[in-house]
1. Across the residues of A:34-42, average count of Cβ atoms on other protein chains within 10 Å?
2. Once each part is reduced to its C-alpha centroid, what is the distance from segment B:17-33 to segment A:60-119 in angstrom?
3. For segment A:10-139, place one equal point scatterer on every Cα, skip the solvent, and apply the Debye formula. What is log10 of I(q)/I(0) at q = 0.12, 0.13, 0.15, 0.16 Å⁻¹?
4. Partner chain Cβ atoms within 10 Å, averaged over the residues of A:60-73 - can you pull that number for me?
5. Note the distances from B:S18 to each other copy's matching label point, with points 7 Å along the Cα-to-beta-carbon direction, in nm, sorted shortest first.
6. From the backbone phi of segment B:118-130, what are the Karplus-calculated ³J(HN,Hα) couplings (6.51 cos²θ - 1.76 cosθ + 1.60, θ = phi - 60°) in whole Hz, Gly and Pro given as x?
7. Would any residue of segment B:30-60 have its amide N under 19 Å from a label point 7 Å out along Cα→Cβ of B:A122? List them or say none.
8. So, with +1 on the Cβ of K and R and -1 on the Cβ of D and E, and no other charges, what is the size of the charge dipole of segment A:10-139 about its Cα centre, to the nearest 20 debye?
2 protein chains.
Amino acid sequence: MNGASPLLTPELARLLDSNKLATVATIGSDGLPRQSTVYYARRENRIFISTLGDRVKARDIERQGWASLCVRGSEPPYPSATFSGTAVVRSTEIGEPTALVMQRIADADEPPEAQGDDALAAVGRVLIEIVVERVAALSHL
Amino acid sequence: MNGASPLLTPELARLLDSNKLATVATIGSDGLPRQSTVYYARRENRIFISTLGDRVKARDIERQGWASLCVRGSEPPYPSATFSGTAVVRSTEIGEPTALVMQRIADADEPPEAQGDDALAAVGRVLIEIVVERVAALSHL
């Protein structure tokens, strides 16, 4: 169930799963790249990021439908790769994937109990979901 | 001489100088964001990256003249920020800034002796220079 898609080799899946912070990039309304640091979680070939719906990266994704995530290991030789693909901003059925991200933020053994969509909406939380369609810029992998 | 520009507060300059790996973003020829992991060095409000002239990020910058660099500290709470601005690919008078980057890669007290432009050209090395004009996505700073 949590297996890698053919695009995600075991090594790439391990890079994604053994790190939890990465850099997400979108295209801003000015056509220039926009980057920020995010926590993420992975299931199969989908990457989840929990953010606030009014953040510019969410608006960029709503407008453009694409994002990339550059992941780098924290120990020498600092393996890294960039995962990119179709991206959406979701506000329904986001309780479980949001809990997966929260688990990683908290470094917990188990995800916290999933919140309902209404509770997450009340605090402005949305879920960015990137379907990995390309892997590039592999380094030390 | 190594002071911060008004845009780079002491805290932002410290973030740049106390880290050496970051994620650079450019816009690919398909209009989508492109990211990769790079070593960098800073002098005043300029960020230097040593790369090979045939790398896609160098071509992206030659075409678009803009890049961003997202820097994240390696310790909790993982402070981060994205620095962006006009970017050029240089091949002349690049010996000294290239040596600054090499010093950081090697974790050396002093930069290695600067190579001449001809020697660097012989191995395909160019220098990406980003002039920081915007700072965004500050987190834990």
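FYI, it's all coordinate maths here, none of it is from the lab. What you see is a predicted model, and the numbers here were worked out from it, not measured in a lab. Here the Cβ positions follow ideal geometry from the backbone for every residue, glycine too, while neighbour counts run over all protein chains shown.
1. Numbers: counts 8, 17, 9, 14, 3, 1, 0, 0, 0.
For peptide A:34-42, the averaged partner shielding equals 6.
2. Spelled out, the Cα-based centre of one part sits 20 Å from the other.
3. Relative scattering, expressed as log10 I(q)/I(0), comes to -0.43, -0.51, -0.67, -0.77.
4. Numbers: counts 1, 0, 0, 0, 3, 0, 4, 2, 7, 2, 10, 3, 6, 1.
Averaged over the peptide's residues, the number is 3.
5. List, nearest first: 2.7 nm.
6. Per-residue couplings from phi come out as 5, 5, 5, 4, 5, 9, x, 7, 10, 10, 8, 10, 10 Hz.
7. Backbone N within reach: B:51-54.
8. Details: 15 positive and 18 negative charges, 103 e Å.
Taking the Cα centre of segment A:10-139 as origin, the dipole is about 500 debye.
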